[in-house]
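In what follows, a structure is listed as structure tokens, so that the remarks can point back to it.
Every number here is computed from the coordinates shown, using simple stated rules; none is lab data. For clarity, every value in this text was computed on a predicted model and none was experimentally measured. Cβ placement follows ideal geometry from the backbone for every residue including glycine, while neighbour counts extend to all protein chains displayed.
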Amino acid sequence: MAVTNWFDSHAHLQDEAFDADRGDVLDRAWRQGVRRVLLPSSSFSDARRAIALASQDERLLCAVGCHPHEAAAFSGQTQDDWYALVEANRQTPIVAIGEIGLDYHYDFSPREVQRQVFWLQLTLAHALGLPVIIHEREATSDCLSLLEKAQAAGLLAPEPGVFHCFSGSAETARIVLDMGFYLGFDGPVTFKNARKAPAVIEACPHDRLLLETDSPYLTPVPFRGKRNEPAYLPLIGEKVAQIWQMPADDVAAISTANACRLFRVAPADKNGVETGESGAETSC
């Protein structure tokens, strides 16, 4: 009998919200069939925490990057510092640059600084040969403009990364899909007032969708209002299964294969052990 194998492609388990029970959180996720969890980071220090955590547990992967909220502090390290951090810890493994992008909702960092730091990290990802995890909120036009510029400059791979927690329109979805990006979906797709996301999911090519929790944030129904954790990922997958009219196990298999392909990692067997050299060489 096939074992359900989920891949949470975005969870901040290095966050202090998990300091008291991180092991229990991972155990609960395991019991729900979540075999891999990718830890994105928001700053240089957060990246080091993610690396330290992932280095201790083979179920965990990580990404390093500067969130737009933290863009004003990006210059605390040089571009070489970020490059060296990845090169020294590739075997953790570090599988992406992220989360990076633009957030004009809070403007915690000046917008021009956000744009500069986003561009610098797109060039970093290109230099390292890694996909990007993009955070975009209320900054669609500028984000697409910078990505189009990056694509014209040859900085984007054929499958350049994922738009994390995608909440844009069907039109925006078509643009980023045409650029080669994947779309990541989180707990809000389970909310009663969700409108755009279900329509985008329905139209999304099956080989371009990733599932995320964004733990400890964006908790799905019926746990909305509580701390989120990777064990709730199947609830998001079940919503996608309803929209795609297929069994949830099929959504697990599809979304896990997509994550393995994008992040170039081998699939995990039921014991969490990699089954091949890399996702690029092994069928997920």
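Using a cut-off of 15 Å between beta-carbons, work out the net charge of the residues near Val64 (Lys and Arg +1, Asp and Glu -1, Val64 not included).
-3
For Gly180, what is the net charge nearby, where nearby means another residue's Cβ is under 15 Å from its Cβ and Lys, Arg count +1, Asp, Glu -1?
Net local charge, Gly180 excluded: 0.
From the Cα gyration tensor of the stretch 1-129, with a ≥ b ≥ c the square roots of its eigenvalues, which class applies: rounded if a/c is under 1.5, or else prolate if a/b is larger than b/c, or else oblate?
Prolate, since a/c reaches 1.5 and a/b exceeds b/c.
Can you give the alpha-carbon Rg of the stretch 154-228 over 2.2 N^0.38 Å, where N counts its residues?
For the stretch 154-228, the normalised Cα radius of gyration is 1.16.
With +1 on the Cβ of every Lys and Arg and -1 on the Cβ of every Asp and Glu, and nothing else charged, how large is the dipole of the chain about its Cα centre, in debye rounded to the nearest 20?
Charge dipole of the chain: 480 debye, to the nearest 20.
Can you give me the long-range amide H partners of Glu159? Hydrogens built in the peptide plane at 1.01 Å from N, cutoff under 5 Å, separation of 5 or more residues or another chain.
Amide H neighbours of Glu159, under 5 Å, 5+ apart: none.
Sequence gap at least 6, Cα distance under 8 Å: using those rules, report the relative contact order of the stretch 72-173 to the nearest whole percent.
29
Would you mind telling me which residue in Cys143, Cys165, Cys66 has the biggest mean-square fluctuation in a Gaussian network model of the chain, where springs connect alpha carbons within a distance under 10 angstrom?
Maximum fluctuation in the GNM of the chain, among the listed residues, is at Cys143.
Using a 10 angstrom cutoff on alpha carbons, build the Gaussian network for the chain and name the most mobile of Glu138, Glu171, Glu202.
Taking springs between Cα atoms under 10 Å, the residue moving most is Glu171.
By the scheme Lys and Arg +1, Asp and Glu -1, what is the net charge of all other residues having a beta-carbon under 10 Å from that of Pro216?
Around Pro216, the charge tally is -2.
Given only helices, namely DSSP H runs of n ≥ 4 each adding -39500 (n - 2.57), what is the per-residue ellipticity at 222 nm of the chain, to the nearest 500 deg cm²/dmol?
Calculated mean residue ellipticity at 222 nm is -12000 deg cm²/dmol.
Can you pull the Rg over Rh of the stretch 101-227, Cα-only, Kirkwood?
Dividing the radius of gyration by the Kirkwood radius yields 0.97.
Over the chain, what is the relative contact order in whole percent, taking alpha-carbon pairs under 8 Å and six or more residues apart?
Worked out over the chain, it gives 19 percent.
Once you sort the root eigenvalues of the Cα gyration tensor of the stretch 1-41 as a ≥ b ≥ c, which label holds: rounded (a/c under 1.5), prolate (a/b larger than b/c) or oblate (the other case)?
Note, shape of the stretch 1-41 comes out oblate.
Which of rounded, prolate, oblate describes the chain, given a ≥ b ≥ c as roots of the alpha-carbon gyration tensor eigenvalues and a/c under 1.5 marking rounded, otherwise prolate only if a/b is larger than b/c?
rounded
Tell me the label-point distance for the pair Arg195, Ala127, using the 7 Å Cα-to-Cβ offset, in nm and rounded to one decimal.
4.4
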